[in-house]
Amino acid sequence: MKLNERSVAHYALSDSPADHMGFLRTWGSPGTPPTPSGTGRRYWFVLKGNLLFSFESRKGRVPLSLVVLEGCTVELAEAPVPEEFAFAICFDAPGVHPHLLAAEGPAAQEAWVKALSRASFGYMRLVVRELESQLQDARQSLALQHHSSWKPTASCCKPQARNNRSVVLENGHPLSKDCSPVGLVEEAGSRCAGLGLAERELQGPASLLLGRGQSPVSPETSNFSTLHDWYGQEIMKLQQHWQQRAQGRQPECEEQDKP
Amino acid sequence: MRYNEKELQALSRQPAEMAAELGMRGPKKGSVLKRRLVKLVVNFLFYFRTDEAEPVGALLLERCRVTREEPGTFSISFVEDPERKYHFECSSEEQCQEWMEALRRASYEFMRRSLIFYRNEIQKVTGKDPLEQFGISEEARFQLSGLQA
């Protein structure tokens with residue numbers, strides 16, 4: 001299968017922010033010969049969005065490997081060497097082996113597991129969708145507040161502006177274009193505080209970027225807080241496990257399901 | 001760059017945001033228009049021969065540009081080499097618009113920008129950081145400083 005590898009490599013090195021990075025050890029990804037000592041090989045890993053890249057070193061300019069973090073889970077794992085803080089990226093697909101990785105300490109391990117398990121596009125989409133609806137709610141309640149405390153004597157705005165604004169509230173469609181021009185002109189002219197706020201706020205870059213009332217989020221994504229709780233539970237479990245491991249340092253780490 | 005094809009193939013079987021048979025022409029000189037099943041899954045665009053289960057190829061849609069070409073057609077190019085264009089031919093102008101719209105929103109970096117925008121706007125209106133309630137306000141990917149000008 002073809003992939004636009006040059007663009008992928010370009011994205012790996014682009015100045016858009018990395019979501020996590022650090023050294024990890026790795027074993028047995030296809031193509032790498034096993035190391036005689038069993039300690040794995042140490043590479044520089046960079047997480048960018050839903051893509052995990054590895055490089056020869058921190059200054060490496062050529063990504064050596066790519067893992068797309070979709071449809072996978074991140075689990076604690078046993079490393080060939082006991083003192084490593086290992087975890088695995090597992091895919092639920094036939095013939096796909098887990099990627100076994102190990103961090104240099106428990107904190108780094110926790111941070112990597114957290115970052116990787118939340119790296120999917122779907123997670124990002126749910127956060128965006130949740131914030132989008134929170135912003136709509138916040139703007140609506142703000143608009144209502146201003147509306148109820150509005151007094152003609154306290155304001156320099158013309159009643160027109162107010163009428164215009166009730167249209168905004170009634171049609172409940174704050175990203176619609178119909179609500180902006182009068183309000184904006186009024187405000188620019190009179191510099192009145194408060195009343196024009198909601199209108200002005202509507203003109204943010206994303207509302208232009210997204211077009212009218214469009215969301216970057218597809219309708220079938222499920223509720224964010226449910227998903228967040230779900231991830232949260234997983235992380236709580238991991239934390240418990242780490243604490244037990246730190247306390248007991250037991251050779252086997254199968255204790256996590258006991259109370 | 002090593003990657004596991006099977007992982008990408010598994011991704012190509014995930015539910016698609018958009019899928020349709022379109023005419024597709026690669027960036028190489030002399031490429032001809034071929035009928036392909038084109039499938040948008042998260043930030044990857046997969047293309048299949050119409051009689052095959054596994055995709056012929058995939059395009060990662062980060063740092064790409066979606067451009068309207070002749071009526072009913074659009075192209076995808078990537079910032080590092082904007083002259084290399086993948087052309088797509090739709091069956092109607094409407095379908096073309098729909099695809100262009102979906103492709104422009106199909107990048108992680110677009111999501112990141114939207115998220116940071118909403119976070120800031122909510123903070124302006126309510127005075128509170130909406131990400132705190134989920135315990136993810138410190139994450140690097142949600143920081144404003146990470147945003148390119």
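Scanning the stretch A:72-94 for residues that are in contact (Cβ under 8 Å) with a residue 40 or more places away in the chain, part of a loop (DSSP other than H, G, I, E, B) and crowded, with 17+ Cβ neighbours inside 10 Å returns A:79, A:80, A:84. Residues in the stretch B:81-121 that are in contact (Cβ under 8 Å) with a residue 40 or more places away in the chain and under 11 Å from the mean Cα position of the chain (by Cα): B:99, B:102, B:103, B:106, B:107, B:108, B:109. In the stretch B:37-52, which residues are away from every other protein chain (no Cβ under 12 Å) and either part of a loop (DSSP other than H, G, I, E, B) or out of contact with any Asp or Glu (no Cβ under 7 Å at 6 or more places or on another chain) (or both)? Passing the criteria: B:38, B:39, B:50, B:51. Would you be able to say whether some residue in the stretch B:9-17 is of a type outside the set (Val, Ile, Thr) and more than 22 Å from residue A:122 (Cβ to Cβ)? No, that holds for no residue.
Evaluated against (1) surrounded by fewer than 20 Cβ atoms within 10 Å (Cβ to Cβ); (2) part of a loop (DSSP other than H, G, I, E, B), residue B:62 falls short on exactly one condition, (1). The strands (runs of 3 or more DSSP E) falling completely within the stretch A:1-70 that include 3 or more residues that are more than 12 Å from every other protein chain (Cβ to nearest Cβ) and either at pLDDT 95 or above or within 20 Å of residue A:116 (Cβ to Cβ) (or both) map to A:20-27, A:41-48. Does at least one position in the stretch B:76-95 carry a residue that is within 30 Å of residue A:141 (Cβ to Cβ) and at pLDDT below 95? Taking every residue of the stretch B:76-95 in turn, none turns out to be within 30 Å of residue A:141 (Cβ to Cβ) and at pLDDT below 95.
Here's the yes/no breakdown for (1) under 24 Å from the mean Cα position of the chain (by Cα); (2) of a type in the set (Lys, Arg):
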position	(1), (2)
A:26	no, no
A:41	no, yes
A:47	yes, no
A:71	yes, no
A:96	no, no
A:117	yes, no
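Residues in the stretch B:90-138 that are in contact with a helix residue (DSSP H, G or I) (Cβ under 8 Å, 6 or more places away or on another chain) and of a type in the set (Asp, Glu): B:121, B:129.
When the stretch B:77-132 is limited to residues that are in a loop (DSSP other than H, G, I, E, B) and crowded, with 18+ Cβ neighbours inside 10 Å, the one that is farthest from the other protein chains (Cβ to nearest Cβ) turns out to be B:90.
Does residue A:110 satisfy the criteria of being farther than 23 Å from residue B:3 by Cβ, more than 10 Å from chain B (Cβ to nearest Cβ), within 25 Å of the chain's Cα centre (by Cα) and among the acidic types (Asp, Glu)? The answer is yes for residue A:110.
The values are calculated or read from the model by the stated rules, or taken from the named source; none is laboratory data. On a predicted model such as this, the values are computed, not experimentally measured, just so you know. So basically every Cβ, Gly included, is an ideal-geometry build from the backbone, and we count neighbours across all protein chains shown.
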